Amino acid sequence: MDLKNQKRMAAQLLKCGINRVWIDPNRIEDVEDAITRADIRTAINSGTIKAKQKIGVSRGRARHLYKQKKKGKQRGHGSRKGGKKARKPKKQQWIQTIRPIRARLKTLRDEGKINRNIYRKFYMKAKGGMFKSKAHLETHLRVEGHLKEEN
């Protein structure tokens, strides 16, 4: 009862590996008699020979986790790898800080609330990293008397 040749032909016809070829145990005699590719093809069409399903790792759990993370879940301290600056680089943080500050300085200058000299002075301070936010910048402008209180 050596079905090695039949399995090999079936694997070629089914376009799969020999290990994935399944032969119906109740109809082994019919497969033993099949010696040509045409006989094997007939056995495949009748359902005596089939290709087993591929064995793989399910992505269901991974997809679920991905959906949860998109919602902002599962991102706590225990799930993090890498430091603070690995998740949001220093340069990105700097860009997010400096752009609004510079934009605010420009609008104040264009509206005439501060003059060119004050603009330049505070622009350079901002470049040096003196202000941590737009509100911080405006506080400094008010304290130094360059910006009037708006009511």
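Annotation for region 73-86: no member residue is modelled with pLDDT of 95 or more and part of a helix (DSSP H, G or I). Can we say I101 is open to solvent by less than 90 Å² (accessible area, probe 1.4 Å), touching a helix residue (DSSP H, G or I) at 6+ places or on another chain (Cβ under 6 Å) and within 30 Å of D30 (Cα to Cα)? Against the criterion (open to solvent by less than 90 Å² (accessible area, probe 1.4 Å), touching a helix residue (DSSP H, G or I) at 6+ places or on another chain (Cβ under 6 Å) and within 30 Å of D30 (Cα to Cα)), I101 does not qualify. Among the residues of region 1-58, those that are part of a loop (DSSP other than H, G, I, E, B) and surrounded by 10 or more Cβ atoms within 10 Å (Cβ to Cβ) comprise L3, C16, G17, D24, A34, I35, T48, K52.
Return yes when K85 is among the basic types (K, R), more than 22 Å from the chain's Cα centre (by Cα) and surrounded by 11 or more Cβ atoms within 10 Å (Cβ to Cβ) and no when it is not. No: the conditions fail for K85. For region 111-122, the set of residues classified as of a type outside the set (S, T, N, Q) and not in a loop (DSSP other than H, G, I, E, B) consists of R116, I118, Y119, R120, K121, F122, listed by residue number. Consider K125 carefully, then state whether it is out of contact with any Phe, Trp or Tyr (no Cβ under 6 Å at 6 or more places or on another chain), in a helix (DSSP H, G or I) and modelled with pLDDT under 95. Judged against the criteria, K125 is not a match. Scanning region 122-151 for residues that are over 43 Å from the mean Cα position of the chain (by Cα) and open to solvent by 90 Å² or more (accessible area, probe 1.4 Å) yields V143, K148, E149, E150, N151.
The values are calculated or read from the model by the stated rules, or taken from the named source; none is laboratory data. It should be emphasised that the depicted structure is a prediction, and the values quoted were computed from it without experimental measurement. Note that we place each Cβ from the backbone using ideal geometry, even for glycine, and neighbour counts take in every protein chain shown. Quick note on the areas: whole protein, heavy atoms, side chains included, nothing else; ligands and nucleic acids left out. Shrake-Rupley method; radii C 1.70, N 1.55, O 1.52, S 1.80 Å.
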